[in-house]
Amino acid sequence: MAGLAVFRARYTDETSLAEHLRRIFPTGEIEIRWERGRFQCTIPRSLAPAETEEIKSALGIDHYEK
C-alpha cells in the first residue's frame, strides 16, 4: 500500500529529498510533486517517525515550521 509524506522545504531541496527517500526505498516507486510550498511524496509505504525526523533534519525543516 502506497504512503504519502508531505514536507515543507525549499524548492531547491528536491534533490536532497529524493536521495534520502531513495536510501529508504532503493527499489520502490517514488513520486515527488511540488505544490504550494510543500513536497508531496508518494512512496511505497508510510515513513516511520524516525525516518521522517531524519529527512526533516537533513532538509532543515525546523526553520520552516516555526
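Just checking, does region 13-21 include any residue being surrounded by 14 or more Cβ atoms within 10 Å (Cβ to Cβ), within 18 Å of residue 2 (Cα to Cα), acidic (Asp, Glu) and under 10 Å from the mean Cα position of the chain (by Cα)? The answer is no; no qualifying residue exists. For region 22-56, how many residues meet the condition of being small (Gly, Ala, Ser), closer than 16 Å to residue 6 by Cβ and modelled with pLDDT under 90? Residues in region 22-56 being small (Gly, Ala, Ser), closer than 16 Å to residue 6 by Cβ and modelled with pLDDT under 90: 1 in total.
Pairing each residue of region 25-42 that is small (Gly, Ala, Ser) with any residue that is surrounded by 14 or more Cβ atoms within 10 Å (Cβ to Cβ), provided the two are 6+ apart or on different chains, yields C-beta distances under 7 Å for 28/43; 28/44; 37/8. Applying the condition of being open to solvent by less than 40 Å² (accessible area, probe 1.4 Å) and in a strand (DSSP E or B) to region 33-62 and asking which residue is nearest to residue 9 (Cα to Cα) yields 39. If only residues of region 3-12 that are open to solvent by 90 Å² or more (accessible area, probe 1.4 Å) and not in a helix (DSSP H, G or I) are counted, the one that is nearest to residue 48 (Cα to Cα) is 4.
The values are calculated or read from the model by the stated rules, or taken from the named source; none is laboratory data. All figures in this text were calculated on a predicted structure; none of them were measured in a lab. As a convention, Cβ positions derive from the backbone with ideal geometry for all residues, glycine included, and neighbour counts pool all protein chains shown. In case anyone asks, the SASA skips ligands and DNA or RNA and just uses the protein heavy atoms, side chains included. Shrake-Rupley method; radii C 1.70, N 1.55, O 1.52, S 1.80 Å.
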